[in-house]
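Participant: Take this structure, written in structure tokens, and hold onto it; I'll ask about it next.
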Amino acid sequence: MSTTNSEPQNSRRSFLGILGAIFLGFIGLVMGVVSGIYATFPAFFGKSKKDLSWQTIGKLEQIPEGFTQFTVNITEQNGWQESSSCQAVWIARKGQQIDVYSAVCPHEGCTVTRQGDCFACLCHMSKWQDDGAKISGPTPRSLDTLDHRVNNNNLEIKYESFTHGLEQKVPLT
Amino acid sequence: MSIHSHLVATGNWIDDRTGIKSLLPRVQEEEIPGGAKFSYVFGSALLFVFVLQLFTGILLLLYYVPTSDHAHTSVAYIQKEVLCGAIIRGIHHYGSSAMVILVVLHFLQTFLWGAYKKKRELLWLVGILLFLLVLGFSFTGYLLPWDQKAYFGTKVGVSIMSTIPIIGSTIERIVLGGSNLSTLTLSRFFVIHVVVLPLILGISSIVHILLFWYAKPAGAYTSKNLEEKTETFYPKQFFLNAVFSSLIFIVLLSISLYMPASLEPQANPADVNYIARPEWYFLPLFQLLKYFNGRLVLLPTMIIPGLIFTVLGVLPFFDRKQERNPFKRPICSVIASLLLLAIIGLMVIAKLDDKNDPLVSKRLAQQSEEAKEFLHKPFVAQSVNAQTIAQTTKSPAIYIEKCAGCHGNSGEGVIGPNLHNLNNKPKRTHNDLINLIKKPSDFGLNNVMPAFTDLKEKDYEDLSSWILSLN
């Protein structure tokens, strides 16, 4: 190393140093953006194919009076994988009147069961009336109802998931 | 206070607690013999590409699944679906070639400049180990996409190990994890590629760099003024290194964008027409293999490469003259040049052989066409439940014959509905299903499913039981 530390050499030193750092910074920036997009892809850009078709529960005459738990088979695409899972729903029947509730608790997503003569989530002790209205506990809203219809004497439902923790029922996208 | 003084204050605060500034001059004030040069960039470029490989490799792990039933789909997902996935995979894929090219250049330069001589023997030995590790990386990484060339290429590579006398077949069994190339082989290669080799290479690189710092750069063999004119690493050599690394980065990025890394269709072990070819840098070995048969096969697979690396390894212990000029070291230089010529020659002959054989060239062209075609087909997600079932219970022959066309080979549903979890549904008991197959219209399936009335009674029984077992 030459030992003189004259003004022009100092400025040349810092110029080359900064230029070199800019080159490396450029690589870092490109890789940062590319890997950021790549890593968050499923969260923001991914096609998560949801099965929102009508699912047959069964013939109308096979739906018992009172509260019955049924399962529906949901096909979902998560990344490279297409998988199906069973989801529980509650069907409340009173004569010709039928209501369908999701068995997912609107509070933190535990499973809603029947306890005594009301709906209850045993994780955090939320309770709902037979018509799904909130009685007590930390749940922010009533039970989530699901769309249903009677087609060809079959009861059909559309299974959907909703955002937890909100006072309104907002479908998960 | 200006931004600058804030930065300085922060820097001082960190230095008070880490003493980092006392380390920095070690790098900054490194003396470069004869001044900064572009010919001194290869070592740092290797370090750069290695870091790039680590980084992109970790990102690939975000989606990659190392089992034979999902590996290919997950790689296709990265390549075709994930935004920027083709870039990350492309950089990693072409980065491996860059790694081999750079390691050869670095090695050749050290050899020609006689920079392996006294005081640098250990540095040189660790360098040879690093060279071998780079080749190990490319060999193990080749299998991971589980496409045709991965499967057949690795099969040949592993078979070569079995030619070793006495212990060969045992080694092959251990490497494969059994007698076949299977999902267990993939797991082994995966663990070696992403855990074992990076650890060894990382530690070896650190040792290599520490030894290099201790021995000081050897510099070019020539230039009488090496002693007189020295310059510190920072800023000019740092700048040149940054320029060269950026250049490599831009080249890798561009190739990944304009010539996406290839992905062939999923490995099909039953494909008798597939012609396996190794990655370009293994072509010389591959070509050499053609000239020897019988017991002599050991020459190209073990003896020649083993001899070359052994000679290289012991070289600094025998070549003890301090002369570094390659023109004054004729034996070394001539042998090295011949070796290099032979390697390049074999590579060219391997390519020409393929080109001149009409059958091979046609098939290879076809394979690359198939690869392109596969790459352009839209991504199809893998239905996982259907797969698991297919593996646990085999479908009855009558199902494949009569039903699979509409309901899929594993009952996953194609034109006809998915047959899984039917026992959750009403009117789908064992007897219901038999009646349904005989007369679908009784079950509300008008004009959709044909009636199958002429099967044997046992066939109805088998079909119904199997379908109800699909959960």
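The values are calculated or read from the model by the stated rules, or taken from the named source; none is laboratory data. All of these numbers come straight from a predicted model, not from anything done at the bench. All Cβ positions, glycine included, derive from the backbone under ideal geometry; neighbour counts span all protein chains shown.
Participant: If A:Pro106 satisfies every condition in (1) facing another protein chain (nearest Cβ under 9 Å); (2) in contact with a Lys or Arg (Cβ under 7 Å, 6 or more places away or on another chain) but one, which is the exception?
Facilitator: Condition (1) is where A:Pro106 drops out.
Participant: Quick check on the range B:80-90. Is at least one of its residues within 9 Å of another protein chain (Cβ to nearest Cβ), under 26 Å from B:Glu231 (Cα atoms) and assigned to a helix (DSSP H, G or I)?
Facilitator: The answer is no; no qualifying residue exists.
Participant: Continuing with the same structure: Right, B:Ala76: of a type in the set (Gly, Ala, Ser), assigned to a helix (DSSP H, G or I) and within 16 Å of the chain's Cα centre (by Cα) or not?
Facilitator: So B:Ala76 fits the description; yes.
Participant: While we're on this one: Taking the range A:141-173 on its own, how many of its residues are part of a loop (DSSP other than H, G, I, E, B) and either loosely packed, with under 15 Cβ neighbours inside 10 Å or among the aromatic types (Phe, Trp, Tyr) (or both)?
Facilitator: 12
Participant: Another question, then. Pairs only if they're at least six apart or on different chains, beta carbon under 9 angstrom, first in the range A:121-148 and on the phi > 0 side of the Ramachandran plot and free of Cβ contacts under 8 Å to residues at least 24 places away in the same chain, second surrounded by 13 or more Cβ atoms within 10 Å (Cβ to Cβ) and part of a loop (DSSP other than H, G, I, E, B); list them, first residue then second.
Facilitator: These pairs meet every condition: A:Met125/A:Gly137; A:Met125/A:Pro138.
Participant: Mind checking which pairs have a first residue in the range B:228-257 that is farther than 30 Å from B:Lys216 by Cα and of a type in the set (Phe, Trp, Tyr) and a second that is assigned to a helix (DSSP H, G or I) and at pLDDT 95 or above, Cβ under 7 Å, 6 or more apart or different chains?
Facilitator: Correct list of pairs: empty, since none qualify.
Participant: Here's another thing I want to ask about it. Just the residues that are out of contact with any Pro (no Cβ under 7 Å at 6 or more places or on another chain) and of a type in the set (Val, Ile, Thr), please, taken from the range B:65-80.
Facilitator: Those that are out of contact with any Pro (no Cβ under 7 Å at 6 or more places or on another chain) and of a type in the set (Val, Ile, Thr): B:Val65, B:Thr67, B:Thr73, B:Ile78.
Participant: Mind checking which residues of the range B:45-71 are within 11 Å of another protein chain (Cβ to nearest Cβ), crowded, with 19+ Cβ neighbours inside 10 Å and assigned to a helix (DSSP H, G or I)?
Facilitator: B:Phe48, B:Leu52, B:Thr56, B:Leu59, B:Leu60, B:Ala71
Participant: Does B:Leu359 count as farther than 21 Å from B:Gly114 by Cβ and over 26 Å from the mean Cα position of the chain (by Cα)?
Facilitator: In short, yes.
Participant: Can you name the residue in the range A:94-110 that is over 17 Å from A:Thr163 (Cβ atoms) and assigned to a strand (DSSP E or B) and, of all such residues, is farthest from the chain's Cα centre (by Cα)?
Facilitator: A:Lys94
Participant: Please report, ordered by residue number, the helices (runs of 4 or more DSSP H) entirely within the range B:121-177 with at least 2 residues that are at pLDDT below 90 and within 20 Å of the chain's Cα centre (by Cα).
Facilitator: Passing ranges, in order: B:148-161.
Participant: For the range A:55-82, give me each residue that is outside any strand (DSSP E or B) and closer than 19 Å to B:Asn424 by Cα.
Facilitator: Once the filter is applied, which keeps residues that are outside any strand (DSSP E or B) and closer than 19 Å to B:Asn424 by Cα, the range A:55-82 yields A:Leu60, A:Glu61, A:Gln62, A:Ile63, A:Pro64, A:Glu65.
Participant: Also, quick follow-up: Regarding B:Phe244, is this residue more than 20 Å from the chain's Cα centre (by Cα), within 14 Å of another protein chain (Cβ to nearest Cβ) and part of a helix (DSSP H, G or I)?
Facilitator: The answer is yes for B:Phe244.
Participant: Still on this structure, I have one more. Which of the following residues is closer than 30 Å to B:Arg89 by Cβ, at pLDDT 75 or above, touching an Asp or Glu at 6+ places or on another chain (Cβ under 6 Å) and surrounded by 13 or more Cβ atoms within 10 Å (Cβ to Cβ): B:Ser383, B:Ser410?
Facilitator: It is B:Ser383.
Participant: From the list A:Gly25, A:Gly20, which residue is in a helix (DSSP H, G or I), more than 9 Å from every other protein chain (Cβ to nearest Cβ) and modelled with pLDDT of 90 or more?
Facilitator: A:Gly25
Participant: For the range B:54-76, how many residues are more than 23 Å from B:Leu184 (Cβ to Cβ) and in contact (Cβ under 8 Å) with a residue 60 or more places away in the chain?
Facilitator: 1
Participant: Now for a different question. I'd like to know if the range A:102-112 contains one or more residues that are of a type in the set (A, V, I, L, M) and free of Cβ contacts under 8 Å to residues at least 40 places away in the same chain.
Facilitator: yes
Participant: Given the residues B:Ser187, B:Ser97, which is the only one that is in a helix (DSSP H, G or I), of a type in the set (S, T, N, Q), at pLDDT 95 or above and under 30 Å from A:Ala43 (Cα atoms)?
Facilitator: One residue alone meets the criteria, B:Ser187.
Participant: Please determine whether any residue of the range A:83-93 is outside any loop (DSSP other than H, G, I, E, B), away from every other protein chain (no Cβ under 14 Å), of a type outside the set (Asp, Glu) and over 21 Å from the mean Cα position of the chain (by Cα).
Facilitator: For the range A:83-93, residues outside any loop (DSSP other than H, G, I, E, B), away from every other protein chain (no Cβ under 14 Å), of a type outside the set (Asp, Glu) and over 21 Å from the mean Cα position of the chain (by Cα): present.
Participant: Looking only at the range B:169-181, decide whether some residue is small (Gly, Ala, Ser) and touching a residue at least 24 places away in the same chain (Cβ under 8 Å).
Facilitator: No, the conditions are met nowhere in the range B:169-181.
Participant: While we're looking at this one, here's another question. I need the full set of residues from the range B:430-471 which are in contact with a helix residue (DSSP H, G or I) (Cβ under 6 Å, 6 or more places away or on another chain) and of a type in the set (Phe, Trp, Tyr), in order please.
Facilitator: Within the range B:430-471, B:Phe443, B:Phe452, B:Tyr460 qualify.
Participant: Of the residues A:Ser126, A:Ser136, only one is of a type in the set (Gly, Ala, Ser) and surrounded by fewer than 16 Cβ atoms within 10 Å (Cβ to Cβ); which?
Facilitator: A:Ser136
Let's see how each residue does on (1) of a type outside the set (Gly, Ala, Ser); (2) at pLDDT 85 or above; (3) under 30 Å from B:Gln148 (Cβ atoms); (4) surrounded by 15 or more Cβ atoms within 10 Å (Cβ to Cβ):
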site: B:Gln266; (1), (2), (3), (4): yes, yes, yes, yes
site: B:Ala270; (1), (2), (3), (4): no, no, yes, no
site: B:Ala276; (1), (2), (3), (4): no, yes, yes, yes
site: B:Gln287; (1), (2), (3), (4): yes, yes, yes, yes
site: B:Lys290; (1), (2), (3), (4): yes, yes, yes, no
site: B:Thr301; (1), (2), (3), (4): yes, no, yes, yes
site: B:Thr310; (1), (2), (3), (4): yes, yes, no, no
site: B:Pro316; (1), (2), (3), (4): yes, yes, no, yes
site: B:Asn325; (1), (2), (3), (4): yes, no, no, no
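Participant: Kindly check whether there is at least one residue in the range A:38-50 that is surrounded by 15 or more Cβ atoms within 10 Å (Cβ to Cβ) and more than 9 Å from chain B (Cβ to nearest Cβ).
Facilitator: yes
Participant: Quick check on this structure: which one of B:Gly153, B:Gly85, B:Gly95 is closer than 15 Å to B:Pro278 by Cα and either free of Cβ contacts under 8 Å to residues at least 12 places away in the same chain or in contact with a helix residue (DSSP H, G or I) (Cβ under 6 Å, 6 or more places away or on another chain) (or both)?
Facilitator: B:Gly153
Participant: Only residues that are hydrophobic (A, V, I, L, M, F, W, C) and crowded, with 17+ Cβ neighbours inside 10 Å: list them for the range B:416-454, please.
Facilitator: Passing the criteria: B:Leu419, B:Leu422, B:Leu433, B:Ile434, B:Leu436, B:Ile437, B:Met449, B:Phe452.
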